[in-house]
Amino acid sequence: MIGEWEAVLSANARQWDLPSKGRWTFLVHNNYQPNYSGVNIFWFHNESRDPLVVTKIFPESSLANQEFRNLIDAHSCAPHGVPKPYGLFEHRRLWALWMSGFSGSPLTSELVSDALIDGLCDTLVTIQKGAAARRGATPNRYRESIQAPLEFAFERSNAIAEGCRRTVAAYANGTLDRILTLPQHGDLYRGNLIIDENKKWGIVDWELFGNVDLPFYDVVRFLFSLETTWAPDRWDLAVQRYARRLIARYTDAFRFPRQEFASLLPLLLANWHYRQPLPDGKAFALRALEDYFTRPGEWERTLLA
């Protein structure tokens, strides 16, 4: 099977602006998760240390087609920060999505800098603005972004039930319609940001792009991946500073009032909790939501200082 996929790569190399001669080697990675398992193939050319091409193997077509369309959309907005989609092929009842690879390894907290924060924000803004111009709001936006996540949360924690009910009620009168629709990456944590020794980086895993369209969702998701505690006022001072910088830059880019971020915070945290696939992630996100509701104003004072 690998030999047949290598033949696909060789046959399309010239069309994809890849080397048409030389030797291709590969590394197979089983991306196993309790609710989903996929196979990634990393292709290296000659003596290259980093993959020039990545193939994601899917057992059925819907997820493959969804990520392929998302890659086309996001890459057209920010080709420097998103893998270039090459093609999608069916072979022996499997679907292979081909895309360019990124040099480097997943971002570590030590490599975060002001320049990275600014560049990440600008890239997200460019992608979200471009995609928003072509996409409408997600179907059943009120149900999927407000009602379901908050109901799911307060069923699991009596401590926040009243806060969740108040938030649901606050958006029941059409307030959500006034919130800008901005398609989010959906899983923007530091493990999905690949960076090399020259500080060049890119964002991978675009299968969830657009499933959430609440502003700031990617911002909050990324910031929490830099820390191991759920309360921002207990974060490292450097991370607090990066958080304020990222939130302020994103707010300015869309000309949001500062209160927009504050009012969206419970929705962002509830969505993060609701959409987490793993039990540990759900528990962490729920603790964050509990902390937000039980210490009124603390989050805003830290993140909007």
Those residues of the range 169-217 which are touching a strand residue (DSSP E or B) at 6+ places or on another chain (Cβ under 9 Å), polar (S, T, N, Q) and either crowded, with 21+ Cβ neighbours inside 10 Å or part of a loop (DSSP other than H, G, I, E, B) (or both) amount to none
Scope the range 110-141; condition modelled with pLDDT under 90 and among the hydroxyl-bearing types (S, T, Y); matching residues: T138
Check on D17, part of a loop (DSSP other than H, G, I, E, B) and either of a type outside the set (A, V, I, L, M, F, W, C) or free of Cβ contacts under 8 Å to residues at least 24 places away in the same chain (or both): yes
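Conditions tested, residue by residue: (1) in contact with a Ser or Thr (Cβ under 7 Å, 6 or more places away or on another chain); (2) surrounded by 17 or more Cβ atoms within 10 Å (Cβ to Cβ); (3) part of a helix (DSSP H, G or I).
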| position | (1), (2), (3) |
| --- | --- |
| T228 | no, no, no |
| R241 | no, no, yes |
| L246 | no, yes, yes |
| P296 | no, no, no |
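So that you can scan it fast, the table gives a plain yes or no per residue for (1) of a type outside the set (D, E, K, R); (2) more than 24 Å from P232 (Cβ to Cβ):
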residue	(1), (2)
T138	yes, yes
Q147	yes, yes
C164	yes, no
L180	yes, no
P183	yes, yes
D187	no, no
G202	yes, yes
F216	yes, no
Wholly within the range 28-132, strands (runs of 3 or more DSSP E) carrying at least 2 residues that are in contact (Cβ under 8 Å) with a residue 60 or more places away in the chain: 85-91, 94-100
Number of the condition not met by R166 [criteria: (1) closer than 29 Å to G130 by Cα; (2) surrounded by fewer than 18 Cβ atoms within 10 Å (Cβ to Cβ)]: (1)
Within the range 222-240, track down each residue that is under 17 Å from the mean Cα position of the chain (by Cα) and among the hydroxyl-bearing types (S, T, Y). S225
Residue under question is Y292, and the condition is that it be more than 21 Å from the chain's Cα centre (by Cα) and crowded, with 20+ Cβ neighbours inside 10 Å; does it hold? yes
Among residues belonging to the range 1-45 that are exposed (fewer than 10 other Cβ atoms within 10 Å of the Cβ) and modelled with pLDDT of 85 or more, point out the one that is farthest from P59 (Cα to Cα). K21
Condition check for V212: among the aliphatic types (A, V, I, L, M), touching an Asp or Glu at 6+ places or on another chain (Cβ under 9 Å) and under 17 Å from A262 (Cα atoms): no
Subset of the range 56-104, residues among the β-branched types (V, I, T) and either at pLDDT 95 or above or more than 21 Å from the chain's Cα centre (by Cα) (or both), comes to I72, V82
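Results for (1) farther than 29 Å from K282 by Cα; (2) surrounded by fewer than 16 Cβ atoms within 10 Å (Cβ to Cβ); (3) touching a Pro at 6+ places or on another chain (Cβ under 8 Å); (4) not charged (D, E, K, R), shown as yes or no for each residue.
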| position | (1), (2), (3), (4) |
| --- | --- |
| V82 | no, no, no, yes |
| L97 | yes, no, yes, yes |
| L107 | no, no, no, yes |
| G130 | yes, no, no, yes |
| P149 | no, no, no, yes |
What do you reckon, is T175 more than 19 Å from P79 (Cβ to Cβ), touching a Ser or Thr at 6+ places or on another chain (Cβ under 9 Å) and free of Cβ contacts under 8 Å to residues at least 24 places away in the same chain? yes
Selection from the range 143-161 of residues closer than 15 Å to F293 by Cβ, in a helix (DSSP H, G or I) and either in contact with a helix residue (DSSP H, G or I) (Cβ under 8 Å, 6 or more places away or on another chain) or in contact (Cβ under 8 Å) with a residue 12 or more places away in the chain (or both) yields P149, L150, E151, F152, A153, F154, A159, I160, A161
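The values are calculated or read from the model by the stated rules, or taken from the named source; none is laboratory data. Bear in mind the structure is a predicted one, so any value in this text is a computation, not a measurement. Here the Cβ is made from the backbone with ideal geometry for all residues, glycine too, and neighbour counts use every protein chain on show.
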